Every structure is written in C-alpha cells, then in structure tokens.
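First comes the structure, then the notes that go with it.
The values are calculated or read from the model by the stated rules, or taken from the named source; none is laboratory data. Values in this document were obtained by computation on a predicted structure and should not be read as measured data. Methodologically, a virtual Cβ is constructed for each residue, glycine included, from the backbone with ideal geometry; neighbour enumeration extends over all protein chains shown. Areas reflect the complete protein model, heavy atoms only, side chains present, ligands, DNA and RNA absent. Shrake-Rupley method; radii C 1.70, N 1.55, O 1.52, S 1.80 Å.
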Amino acid sequence: MIRTKIASVTPIAALLATLLIGAAAPAPVAAETRHAALITLDGNWYLQSGQVRNDSSDGITLTGFWYSMGAQEAGIGVWERYEGSHQTLDPLTGTSDHYSTAYWGGLSLGSGQSMRFGGLDLDRIASTSPVRIDSETIDGTGSSLRNAYVEVLFSDGLRGRVALAAQSWNTTQVLTIQVASPVPEPAAAAMFGAGLLGLAVFGRRRQQATRSGRWG
C-alpha cells in the first residue's frame, strides 16, 4: 500500500520540479517597445524655435515637451517673455519677465507626428544678486547652455531627457531621446504562479496523509 502511494506521487513531484525550474529561470523578455523623440533646435533662430517629433512605436503618444535652460546662475541662458503657446515655468527671482523652462503640455503626437514651436526669446543671466540680464550679447561659445536640456513625456508615463551641447546659439542642434522599456513575457509569470500553487497543494495533501497514517 505504501509503495502504491509513493509511485502515484512521483509524477506529481516531477511536475512540480519542472514548474519550479521554469519559475526560477530568468524571465524571457519580449521585443522592446520603442520610446523615442527627435528634437531639432534651429540655429537660424538662435535656438529659439524648432521641432519635436515622436519616433516611438505605434500606440505610444508623446504628450509633453520641456525646453529648459536648467539651473539658474550667472552666465546661464534664460527665457524672456515674448510670445508662443507654451507655459512659462521656473521664474527667475527678481524679475517678472524671465523664466528658465518652456513647457508644452496636452500634446497628442502619434508615431511619426511632429510639432513645431517658437515664440522664445533667449537672453543670458549676467548676475543673480542683484538680478541683471544681458540681452545684447550673442553667446558664441555655448557656455550659457551648459545647464540646458530638453525632455519629453510619453502617454504611458515614461520620460526621457537629453542635455544640449555647449555650442553657439546660431548652431543647429539635433537631439535624440530614447527610453528602453522591456516587457516580461506573460507566460513566465503564469509558470511562476503555477509552481507556487502546485507546491501549496502538494504540501497540504502530504500533511493530511501524514496525519491519517498513510505515509511511512
């Protein structure tokens, strides 16, 4: 009788071992969903206009875009209120006319779609205390762009950022943002769950059999 019970359990144990091996193995990864954007800053307009294009996979929408001069300090670029459809963020303390970040929200750019932007006026912070703005000299070395960056937001919440190059304002910049998002295969998660469930059932049955005296 005992031999019969052991023989009947062996296939179950083998199945559980298979499930556990599968659960312990690294989860295979599906093809990555591409999150990407291409930003062109027009040197003919001293980087004050340009274009952002969604280069993501189908179904991934670009919903937000930031163009920022970054941390405020002497010698750094700053935007002056002019025109355009963007929101003004990060105001410069000590002046009501200057800010560091332009933001375009509520976008819905599908794969391959673009948005042109403009209405920006680039100046430079000559001093932060007291605040003094240099609106006459064009930066030919790019030092005022050392904190500058562009950033995008995608419809599934992923964000990507890239810094501007420290180049003259009249040099076009083409910036690429890519964000990888590997997706685990659902089959791996299902196998892991099945392995845990099988262990629980097997352990419960063995405990019940031990209590009833049917196991040696």
task: Please work out which residue is most open to solvent (accessible area, probe 1.4 Å), limiting yourself to region 49-95 and to residues that are among the hydroxyl-bearing types (Ser, Thr, Tyr) and part of a strand (DSSP E or B).
output: Thr88
query: Can you name the residue in region 133-160 that is exposed (fewer than 13 other Cβ atoms within 10 Å of the Cβ), under 20 Å from Gly70 (Cβ atoms) and not polar (S, T, N, Q) and is also modelled with the highest pLDDT among such residues?
result: Gly140
- request: State whether the residues of region 182-190 include one that is under 30 Å from Phe65 (Cα atoms), under 33 Å from the mean Cα position of the chain (by Cα) and at pLDDT 80 or above.
  value: no
statement: Scanning region 104-122 for residues that are in contact with a Ser or Thr (Cβ under 8 Å, 6 or more places away or on another chain) and in a strand (DSSP E or B), the one farthest from Thr61 (Cα to Cα) turns out to be Phe117
message: Filter region 86-100 down to the residues that are over 24 Å from the mean Cα position of the chain (by Cα) and of a type in the set (Ser, Thr, Tyr) and list them by number.
response: Thr93, Thr95, Ser96, Tyr99
message: So the check is Cβ under 7 Å with 6+ separation or different chains; which pairs have a first residue in region 117-139 that's free of Cβ contacts under 8 Å to residues at least 40 places away in the same chain and a second one that's among the small types (Gly, Ala, Ser) and open to solvent by less than 40 Å² (accessible area, probe 1.4 Å)?
response: Arg132/Ala126; Asp134/Ala126
message: What pairs come out if I take residues in region 52-65 that are over 10 Å from Ser108 (Cβ atoms) and in contact (Cβ under 8 Å) with a residue 12 or more places away in the chain and pair them with residues that are hydroxyl-bearing (Ser, Thr, Tyr) and surrounded by 18 or more Cβ atoms within 10 Å (Cβ to Cβ) whose C-beta lies under 8 Å away, six or more apart or interchain?
response: Ser56/Thr33; Ser57/Thr33; Ile60/Thr33; Ile60/Ser155
query: Which one is surrounded by the most Cβ atoms within 10 Å (Cβ to Cβ), of the residues in region 96-116 that are of a type in the set (Ser, Thr, Tyr) and without any contact (Cβ under 8 Å) to a residue 60 or more places away in the chain?
result: Ser100
